1. Which condition number in (1) at pLDDT 90 or above; (2) in a helix (DSSP H, G or I); (3) exposed (fewer than 13 other Cβ atoms within 10 Å of the Cβ) is the one that residue 30 fails?
2. Mind telling me which of the residues 3, 21 ends up being at pLDDT 85 or above, surrounded by fewer than 14 Cβ atoms within 10 Å (Cβ to Cβ) and out of contact with any helix residue (DSSP H, G or I) (no Cβ under 9 Å at 6 or more places or on another chain)?
3. Pairs please, first residue from the stretch 19-43 and at positive phi and in contact (Cβ under 8 Å) with a residue 12 or more places away in the chain, second anywhere and surrounded by 12 or more Cβ atoms within 10 Å (Cβ to Cβ) and part of a loop (DSSP other than H, G, I, E, B), Cβ atoms under 8 Å, 6+ apart in sequence or on different chains.
4. Would you be able to tell me the number of residues in the stretch 50-85 that are part of a loop (DSSP other than H, G, I, E, B) and at pLDDT 85 or above?
């Protein structure tokens with residue numbers, strides 16, 4: 001059986017939906033984001049590939065525009081600006 005992906009992971013979809021009211025602007029470039037979530041992406045501050053216990057932790061998620069999400073990607077230095085040191 002295949003592991004769930006973001007497009008079919010119901011827990012992720014429900015979490016994203018529950019966080020839609022928190023959308024304001026991109027947490028990096030401050031571009032306003034749509035309240036319906038179009039063009040907004042939830043970004044893991046600490047990657048869930050390395051910190052699986054934080055995959056659904058709301059405090060490890062920030063809203064980014066698509067451009068910033070692609071730009072940050074796995075860039076550790078850029079991610080460090082958002083990290084709560086108590087998680088590590």
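1. Unmet condition: (2).
2. 21
3. Hits for this filter: 37/23; 39/33.
4. From the stretch 50-85, those part of a loop (DSSP other than H, G, I, E, B) are 50-51, 55-57, 73-75, 80-84; that's our starting set.
Retained after the next criterion (residues that are at pLDDT 85 or above): 50-51, 55-57.
So the answer is 5.
The values are calculated or read from the model by the stated rules, or taken from the named source; none is laboratory data. Since we're looking at a predicted model, the values are computed, not measured. Cβ: placed from backbone, ideal geometry, glycine included. Neighbour counts: every protein chain shown.
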